[in-house]
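The values are calculated or read from the model by the stated rules, or taken from the named source; none is laboratory data. All values reported here derive from a predicted model rather than from experimental measurement. When we count neighbours, we look across all protein chains shown, and the Cβ atoms used for this are built from the backbone with ideal geometry, even at glycine. For accessibility, only protein heavy atoms count, side chains too; no ligands or nucleic acids. Shrake-Rupley method; radii C 1.70, N 1.55, O 1.52, S 1.80 Å.
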Amino acid sequence: MKKQLLSIMMVMVAGISFAQDAKMNAFITTLMSKMTLEEKIGQLNLITPGWGIPTGSVVSTDVEGKIKSGKVGGLFGVIGADKVKQAQDLVMTHSRLKIPLMFGSDVIHGHKTTFPIPLGISCSWDTALIRQSAVLAAKEATADGLNWAFSPMVDIARDPRWGRVAEGSGEDPFLGSQIARAMVLGYQGNDLASQYTLLACVKHFALYGASEGGRDYNSVDMSRNKMYNEYLAPYKAAVDAGVATVMSSFNDVEGVPASGSKWLLTDLLRKDWKFKGMIVSDYTSINEMSNHRLGDLQAVSAQAIKAGLDMDMVGEGYLSTLKKSLQEKKVAMADIDRACRMVLEAKYKLGLFTDPYRYINPARSTEILTADNRAFARKIASESFVLLRNERNTLPLKPAQRVALIGPLANDKSNMLGTWAVSGDPQMSVPVMTGMQTQTAKMVNLSFAKGANITDDTLLAQKANVFGLRVDIDKRTPEAMLEEALAIARSSDVVVAVVGEASEMSGEAASRGYITLPASQQRLLQALYKTGKPVVVVLLSGRPLVLTGAIEGAASVLQVWHAGIEAGNAIADVLYGVVNPSGKLSMSFPYAVGQIPVYYAQKTTGRPQDPGNKFSSKYLDMPNEPLFPFGYGLSYTRFEYSDLQLSADKLNPGGSITATVTVTNKGSVDGAEVVQLYIEDEVRTITPPAKELKGFRKLMLKAGESSRVEFRIDTELLKFWNANLKWVAEPGLFKVHVGSNSRDTQFKALALN
Ligand code: BGC
């Protein structure tokens, strides 16, 4: 009965959307019949007047003239309902067909209420919370006139030298897919025409996270096998969740730049995955195909549109060459019509043809930076923190303790938001010192010293200061700063050292070859350890850093990423135990740069590591294992896993079993734990990863409380892409692992018949 009802409802939903599609198609067909070739090509042009922060070296010229003459389809880098209105007015008053502009922006982790960087958010493993972050970001961005977010970025990233690891969800395709879905659903809701939702844009399609050597914009090469099994899933998850737009990536894939790859954009994305929306290039990525040596601007623009790319970001290759290519029969009218239709459909879905001013409502400015949004930012920030070490229960701090708060990031506003906070105002963020002062108002003596510069390297500082002062090199000598810090450390009970990277030391075009703490801060930490006081290291960074050596003397280490506008309050919440940390790493922390890429799902090799065997796969001078593995994170309480059971030890094709485990909070405080399910395939026709995440649950347990956690395992969960790129489950033996991180698990054997 239930099933019947469900299928009737599904037919109804499909029916409605079919009727709506037909209405949209008819509307667009009529509109396109009135459009000149130039106007159609104009719709494919996405430009930025450079009123925001440009992310490439090119900024568009004569934007106003182009808008008036119908040569622009959309703008980005225009933020604020008033500015958006000015631009929309131009098109509505001056252009012939008055086709509304769409307005995009890099709404990456919140809008004006900046949330933690995405890598941080992913460490919450809390998809409901992550989805809500996108709901709120969409609400604020639309209140500011925007209707298109260039997010989520879902590139799997296993090389922390790459600065853009900050923007994604780390190394794992399963976790990445869940987050991709949550973000898309959050941004888009179930009605794109609502004034509170906007178009999401999954990026960067595809494989951008695998840039060689972790150097941004670099080449990518990998087998289809690896692509399908390890890299493509999060993009696909976004498509399945109904993402409205896709952004092509800068890199090449199998020797063809993604922006000109018909295989990627048409065969895989549109045909195999049934993507129905619009594809936009990355910033001048079509033009850059010339640097990739695929020909001049006319040739690469023709290649891109034929490959399936609809909208050209900033480069204006479409605007300046497509007409000529059409005349010379290098592109077909059908290519231009398809691309134009895709852009118009996106606008139609936003409801812009009904009301071009739908997202321009100055009265909604009160919905930005509300107390509720800030409270949410504080909550999601504290959930993104990962407690990496906590010896002798140094944390949480006790109210009576005298705290020496030390470090270049301890009383800083300019580095709290992190990379890609284009609409955030660093001055509105809460420094750690303020958060701690508020938290401890009547309880402790808090003394502060900067102790060191973020870096003493003026060249690095200059590079980190491109978007404003992030690294402020002190007038005092490093020695004088250190002395001041040591003096307050000596007269304290505990030292809290707030160290790490400046915001712009990660993000786009911010790859690093040495991913350690800068020397100035290493020196500070070593000197603090020598005081003999317990040192709590609070670590801000946009990537997993190599911490070997740097944290050896630390009693506690709390990884807080760049935590957003409420950083200081959230950090104080966790340091004082108001919030018990529960984040788990979404990316391994390497032991040394020489191990990179290092990730938990690495294959076992034909000569698995064996300390007793010289001729096994290992390094002479360092371990194979990362310093902190994927999934790792401590709590102020302790969780015990026991009694792992499978409902059956054999599974028939198409069937399912359950794995259950008891998780007990053995400590004296309440806490949340992320229970993780991994599957290890013991026999496969192609080499499998050592194990793969296939499920997780975040649960809250009161002190002393136990819970039985259940995972359903069906054949689908055991499938992979085989050598012929078929999605199959092969009979044989598996191990079902459950545990608190990718390293510390217990398992039971399972056979697939
Ligand atoms: C980035 C994109 C971004 C775009 C627009 C590019 O440089 O790669 O992620 O959305 O700029 O700002």
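Go through (1) within 16 Å of the ligand (Cβ to nearest atom); (2) assigned to a helix (DSSP H, G or I); (3) within 27 Å of Asp191 (Cβ to Cβ); (4) free of Cβ contacts under 8 Å to residues at least 60 places away in the same chain one by one and return the number of the condition Ser259 breaks.
With respect to (1) within 16 Å of the ligand (Cβ to nearest atom); (2) assigned to a helix (DSSP H, G or I); (3) within 27 Å of Asp191 (Cβ to Cβ); (4) free of Cβ contacts under 8 Å to residues at least 60 places away in the same chain, Ser259 is out only on (3).
Residues are listed down the side, and each one gets a yes or a no for (1) over 26 Å from Trp125 (Cβ atoms); (2) hydrophobic (A, V, I, L, M, F, W, C); (3) surrounded by fewer than 15 Cβ atoms within 10 Å (Cβ to Cβ):
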{"site": "Ser556", "(1), (2), (3)": "no, no, no"}
{"site": "Ile571", "(1), (2), (3)": "no, yes, no"}
{"site": "Val574", "(1), (2), (3)": "no, yes, no"}
{"site": "Ala592", "(1), (2), (3)": "yes, yes, no"}
{"site": "Pro608", "(1), (2), (3)": "yes, no, yes"}
{"site": "Asn613", "(1), (2), (3)": "yes, no, yes"}
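Out of the residues in the range 369-394 that are among the charged types (D, E, K, R) and under 26 Å from the mean Cα position of the chain (by Cα), state the one that is least open to solvent (accessible area, probe 1.4 Å). Explain how you work it out, then say what you get.
Quick first cut of the range 369-394, residues among the charged types (D, E, K, R) only: 372, 374, 378-379, 383, 389, 391-392.
Adding the requirement that they be under 26 Å from the mean Cα position of the chain (by Cα) leaves 372, 374, 378-379, 383, 389.
On the way: Asp372: 121, Arg374: 46, Arg378: 80, Lys379: 100, Glu383: 27, Arg389: 50 Å².
Applying the filter and picking the extreme gives Glu383.
Can you tell me how many residues in the range 100-111 are within 19 Å of Thr48 (Cβ to Cβ) and assigned to a loop (DSSP other than H, G, I, E, B)?
Keep residues of the range 100-111 that are within 19 Å of Thr48 (Cβ to Cβ), which gives 100-108, 111.
Subsequent filtering for residues that are assigned to a loop (DSSP other than H, G, I, E, B) retains 100-101, 106-108, 111.
The qualifying residues number 6.
Give Gly110, Gly120 a once-over and let me know the one that is within 16 Å of the ligand (Cβ to nearest atom), within 15 Å of Ser151 (Cβ to Cβ) and not aromatic (Phe, Trp, Tyr). If you could, list the steps in order and put the result at the bottom.
On the way: Gly120 fails: within 16 Å of the ligand (Cβ to nearest atom).
Every option except Gly110 fails the conditions.
Would you check if Gly351 is touching a residue at least 24 places away in the same chain (Cβ under 8 Å), surrounded by 18 or more Cβ atoms within 10 Å (Cβ to Cβ), within 16 Å of the ligand (Cβ to nearest atom) and part of a loop (DSSP other than H, G, I, E, B)? Spell out the reasoning first.
Numbers: touching a residue at least 24 places away in the same chain (Cβ under 8 Å): yes; surrounded by 18 or more Cβ atoms within 10 Å (Cβ to Cβ): yes; within 16 Å of the ligand (Cβ to nearest atom): no; part of a loop (DSSP other than H, G, I, E, B): yes.
Considered against the rule, which asks whether it is touching a residue at least 24 places away in the same chain (Cβ under 8 Å), surrounded by 18 or more Cβ atoms within 10 Å (Cβ to Cβ), within 16 Å of the ligand (Cβ to nearest atom) and part of a loop (DSSP other than H, G, I, E, B), Gly351 comes out as no.
Does Gly170 count as over 30 Å from Phe628 (Cα atoms), more than 16 Å from the ligand (Cβ to nearest atom) and buried (at least 24 other Cβ atoms within 10 Å of the Cβ)? Can you show your working first?
Values: over 30 Å from Phe628 (Cα atoms): no; more than 16 Å from the ligand (Cβ to nearest atom): yes; buried (at least 24 other Cβ atoms within 10 Å of the Cβ): yes.
No; evaluated as a whole, the condition is false for this residue.
I'd like the residue in the range 395-445 that is among the aliphatic types (A, V, I, L, M), over 21 Å from the mean Cα position of the chain (by Cα) and open to solvent by 30 Å² or more (accessible area, probe 1.4 Å) and, out of all such residues, is farthest from the ligand (Cβ to nearest atom). Outline the logic, then answer.
Within the range 395-445, the subset among the aliphatic types (A, V, I, L, M) is 395, 397, 400, 403-406, 409-410, 416-417, 421-422, 428, 430, 432-433, 436, 441, 443-444.
Retained after the next criterion (residues that are over 21 Å from the mean Cα position of the chain (by Cα)): 395, 397, 400, 403-406, 409-410, 428, 430, 432-433, 436, 441, 443-444.
Right, trim to open to solvent by 30 Å² or more (accessible area, probe 1.4 Å) and you get 400, 428, 433, 441, 443.
Numbers: Ala400: 48, Met428: 22, Met433: 33, Ala441: 41, Met443: 44 Å.
Filtering first and then ranking leaves Ala400.
Just one of the numbered conditions (1) surrounded by fewer than 20 Cβ atoms within 10 Å (Cβ to Cβ); (2) more than 30 Å from Gly594 (Cα to Cα) is not true of Thr197; which one?
Going through (1) surrounded by fewer than 20 Cβ atoms within 10 Å (Cβ to Cβ); (2) more than 30 Å from Gly594 (Cα to Cα) one by one, Thr197 breaks only (1).
Exactly one of (1) basic (Lys, Arg); (2) open to solvent by 10 Å² or more (accessible area, probe 1.4 Å); (3) within 14 Å of the ligand (Cβ to nearest atom) is unmet by Arg164. Its number?
With (1) basic (Lys, Arg); (2) open to solvent by 10 Å² or more (accessible area, probe 1.4 Å); (3) within 14 Å of the ligand (Cβ to nearest atom) applied to Arg164, the lone miss is (2).
With the condition kept exactly as written, say whether any residue in the range 474-489 is among the small types (Gly, Ala, Ser) and assigned to a loop (DSSP other than H, G, I, E, B).
The initial filter retains those residues of the range 474-489 that are among the small types (Gly, Ala, Ser), namely 480, 485, 487, 489.
Narrowing the set further to residues that are assigned to a loop (DSSP other than H, G, I, E, B) leaves none.
Checking the range 474-489: not a single residue is among the small types (Gly, Ala, Ser) and assigned to a loop (DSSP other than H, G, I, E, B).
In the range 30-52, which residues are modelled with pLDDT under 90 and open to solvent by less than 70 Å² (accessible area, probe 1.4 Å)? Please lay out each step first, then the result.
Initial filter on the range 30-52 (modelled with pLDDT under 90): 49-52.
Scanning the range 30-52 gives Pro49, Gly50, Gly52.
Considering only residues of the range 518-537 that are assigned to a helix (DSSP H, G or I) and open to solvent by 40 Å² or more (accessible area, probe 1.4 Å), which is nearest to Gln401 (Cα to Cα)? Break it down into steps so the answer makes sense when it comes.
To start, the set of residues in the range 518-537 that are assigned to a helix (DSSP H, G or I) comprises 519-530.
Next cut, open to solvent by 40 Å² or more (accessible area, probe 1.4 Å) only: 519, 522-523, 526, 530.
Working: Ala519: 29, Gln522: 25, Arg523: 25, Gln526: 22, Lys530: 20 Å.
Per the criteria, the residue is Lys530.
Give me a count of the residues in the range 202-231 that are buried (at least 23 other Cβ atoms within 10 Å of the Cβ), in a loop (DSSP other than H, G, I, E, B) and touching a helix residue (DSSP H, G or I) at 6+ places or on another chain (Cβ under 8 Å).
2
Filter the range 416-451 down to the residues that are within 13 Å of Leu397 (Cβ to Cβ) and touching a strand residue (DSSP E or B) at 6+ places or on another chain (Cβ under 7 Å) and list them by number.
Applying the first criterion (within 13 Å of Leu397 (Cβ to Cβ)) to the range 416-451 yields 432, 435-436, 439-440, 443-446.
Val432, Met436, Thr440, Val444, Leu446 - these are the residues of the range 416-451 that are within 13 Å of Leu397 (Cβ to Cβ) and touching a strand residue (DSSP E or B) at 6+ places or on another chain (Cβ under 7 Å).
Can you tell me which residue within the range 504-517, out of those that are within 16 Å of the ligand (Cβ to nearest atom) and of a type in the set (Ser, Thr, Tyr), is most open to solvent (accessible area, probe 1.4 Å)?
This residue is Ser511.
For the range 640-668, what are the residues that are farther than 28 Å from Pro581 by Cα and either open to solvent by 80 Å² or more (accessible area, probe 1.4 Å) or not hydrophobic (A, V, I, L, M, F, W, C) (or both)? Give the derivation first.
The initial filter retains those residues of the range 640-668 that are farther than 28 Å from Pro581 by Cα, namely 645-658.
Residues satisfying the conditions are Gln645, Ser647, Asp649, Lys650, Asn652, Pro653, Gly654, Gly655, Ser656, Thr658.
Can you confirm whether the range 131-141 contains a residue that is open to solvent by 10 Å² or more (accessible area, probe 1.4 Å), more than 30 Å from Thr29 (Cβ to Cβ) and either in a loop (DSSP other than H, G, I, E, B) or free of Cβ contacts under 8 Å to residues at least 12 places away in the same chain (or both)?
Looking only at the range 131-141, we keep the residues that are open to solvent by 10 Å² or more (accessible area, probe 1.4 Å), and these are 131-132, 135-136, 139.
If we keep only those that are more than 30 Å from Thr29 (Cβ to Cβ) too, we end up with 131-132, 135-136, 139.
Right, trim to either in a loop (DSSP other than H, G, I, E, B) or free of Cβ contacts under 8 Å to residues at least 12 places away in the same chain (or both) and you get none.
For the range 131-141, residues open to solvent by 10 Å² or more (accessible area, probe 1.4 Å), more than 30 Å from Thr29 (Cβ to Cβ) and either in a loop (DSSP other than H, G, I, E, B) or free of Cβ contacts under 8 Å to residues at least 12 places away in the same chain (or both): absent.
What pairs come up if the first residue lies in the range 692-713 and is under 30 Å from Gln602 (Cβ atoms), the second is crowded, with 16+ Cβ neighbours inside 10 Å and hydroxyl-bearing (Ser, Thr, Tyr), and their beta carbons are under 7 Å apart, counting only those six or more places apart or on different chains?
Glu692/Tyr678; Leu693/Tyr678; Lys694/Tyr678; Leu699/Ser707
Restricting to the range 274-285, and then to whatever is of a type outside the set (S, T, N, Q) and within 13 Å of the ligand (Cβ to nearest atom), can you tell me which residue is surrounded by the fewest Cβ atoms within 10 Å (Cβ to Cβ)?
Within the range 274-285, the first condition is being of a type outside the set (S, T, N, Q), and the residues that meet it are 274-280, 282-283.
With the extra rule that they be within 13 Å of the ligand (Cβ to nearest atom), the set shrinks to 280, 282-283.
Values: Val280: 29, Asp282: 25, Tyr283: 22.
It comes out as Tyr283.
Confirm whether Ala81 is at pLDDT below 95, open to solvent by 10 Å² or more (accessible area, probe 1.4 Å) and under 17 Å from Ser423 (Cβ atoms). I'd like the intermediate steps shown before the answer.
Working: at pLDDT below 95: yes; open to solvent by 10 Å² or more (accessible area, probe 1.4 Å): yes; under 17 Å from Ser423 (Cβ atoms): yes.
So Ala81 fits the description; yes.
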